[in-house]
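Only one structure is covered here, and it is reproduced in the block below.
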Amino acid sequence: MKVLVLGSGGREHALCWAISKSPLCKKLFCIPGNAGIKSVAECINIKINNFNSLKKFIKKEKINFVIVGPEEPIVNGIVDKLNKLKIKVFGPNKKASILESSKTFTKDFCKRNNIPTANYKIFRNYKDAINYVQNIKYPIVIKASGLAGGKGVFIIKNKFEAKKTLRDLMIKRKLGMSGKEVVIEDYLVGEEISCLALVDGKNYIPLLLSQDHKKIYENDKGPNTGGMGAYCPLPYLRKNIQNKINKEIIEPTIKAMNKEKRPFNGVLYAGLMLVKEKIYLIEYNVRFGDPECQPLVFLLKSDLLKILDNCVNKRLNKTIIKWKKEYALSVVMVNKGYPGKFKKNGIIKNLNLITEDKNTKVFHSGTNLDNQNNTIASGGRVLSVTTSDKNFNKAKKKVYEVVKKIKWKNSFFRKDI
Ligand code: AMP
Ligand code: GLY
């Protein structure tokens, strides 16, 4: 198969790394890719949102299979457009991707289908929202309904913060049209879990449960980011939790999406909160999580390309996924200042000192090569350093040994993943 992966993050590096090892993969391209992806795939400098150029490239190279990494092209309907051209593509269509593109849709969807989620109200009118926040109990959570790259959720402690946030979203439109509608919901306190499941319309296979760390600073302080580190499987959970998630969240969602004529094919990523014994859906994403994808792929023993192909071909009931019996951890190294403003393009030093083997891998996110072929830190999130071990604490010790060797001006990472 000639395969094309779309995207440029750590998630796409991990996907390309695994796909390049598949005997089914004859040639691998990535658009646009990054400095790390270059070592496993041919990177092509085309803008993902330029569909005409993409189409020309796919035709010219006779690509057999396209795998879409990020949410934006999915939500903009790239899967529908490629399907029309009879090109095989992994990812949900636009109708199904509404689970990620509209939080108001998803909240109402959960309500009408009895999927547990935090109590909420939806506001399309600014004055109504302002009235509502006058006399309620705090903390609450205010969410922009549309896509916001992880920056559209605000934990609010009092009515002054609430009013400012509503004004920023609904009047000043700081997140553009994404803040036109807002969800205001109860604040839940518990343990966050990511459950990514492959879904082929009818059948599903949950991947190992994982945990992301969304806040920029240690002890979950500071603003939300795309994700500062993740690990899997979860060492502390009771065995029946997966079963509960399947029965209360994943299965009713697949069924209801079919009933509502939005059949889902791709990665259904359920962001969950475990509050004592109860599981709540916090959000859906319709693609692999970044950084969750990196430790997941690192522990995968089966052929990823074959699995994704089976998913598109609705053959998950005939698919078995094997995992290494280890724990994997990814620590994300970022440019200091992210998720706000940051200086970029520092030269990353000592990457050549890291020995990559079956237990250690540095996945690249925002990296590039400069004129002298130095690897530079060009994005907010820059590297996902990933290690694995049979013992969780040993994997953790190892990941920080590697992280501490890698240096560039302005690097930053969380020490408590
Ligand atoms: P979301 O984009 O909806 O996943 O929200 C981003 C992050 O905000 C989540 O990963 C949680 O850490 C936090 N969050 C969202 N909704 C809630 C909630 N109802 N209660 C507590 N924390 C929340
Ligand atoms: N790790 C969170 C996300 O991919 O949205």
* To do: Take the chain, connect every pair of alpha-carbon atoms lying under 10 Å apart with a spring to form a Gaussian network, then pick out the residue of F57, F65, F109 with the largest mean-square fluctuation.
  => F57
* **Share of carbon and sulfur in the accessible heavy-atom surface of the chain [1.4 Å probe, %]** => 50 percent
* Asked: Tell me, what is the FRET efficiency for Y187 and K111 to the nearest 0.05, using R0 = 22 angstrom and their Cβ-Cβ distance as r?
  -> 0.75
* Structure fact -> Regression test value, accessible area per residue of the chain, probe 1.4 Å, units Å², expected 46 Å²
* Please go through the stretch 225-291 and write out the GluC sites (Glu not before Pro) that DSSP classes as loop and that have at most 10 other C-beta atoms within 10 Å. => E277
* Asked: In the Gaussian network model of the chain, springs joining C-alpha atoms below 10 Å, which of V68, V89, V153 carries the largest mean-square fluctuation?
  -> V153
* Asked: Stretched out fully, how many nm does the piece from K409 to K202 gain, at 0.36 nm a residue minus the Cα gap?
  -> 69.6 nm
* Asked: R0 = 51 Å: FRET efficiency of N125 with N52, Cβ-based, nearest 0.05?
  -> 0.85
* Structure fact -> Highest mean packing first, using Cβ neighbours within 10 angstrom, the peptides 343-352, 297-306 sort as 297-306, 343-352
* **Loop trypsin sites (Lys or Arg not before Pro), the stretch 1-73, which have at most 16 other Cβ atoms in a 10 Å radius of their Cβ (DSSP)** => K21, K26, K47, K62
* **Efficiency of FRET from Cβ geometry, T355 and N219, R₀ 30 Å, rounded to 0.05** => 0.40
* Taking the stretch 71-143, which trypsin sites (Lys or Arg not before Pro) meet the DSSP loop condition and have no more than 13 other C-beta atoms within 10 Å? -> K86, R124, K137
* P(r) weight above 43 Å for the chain, C-alpha pairs, percent -> 8 percent
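The values are calculated or read from the model by the stated rules, or taken from the named source; none is laboratory data. All figures in this text were calculated on a predicted structure; none of them were measured in a lab. With ideal geometry, Cβ positions are generated from the backbone for all residues, glycine too; neighbour counts draw on all protein chains shown. Remember, those area values only see protein heavy atoms, side chains included, never the ligands or the DNA or RNA. Shrake-Rupley method; radii C 1.70, N 1.55, O 1.52, S 1.80 Å.
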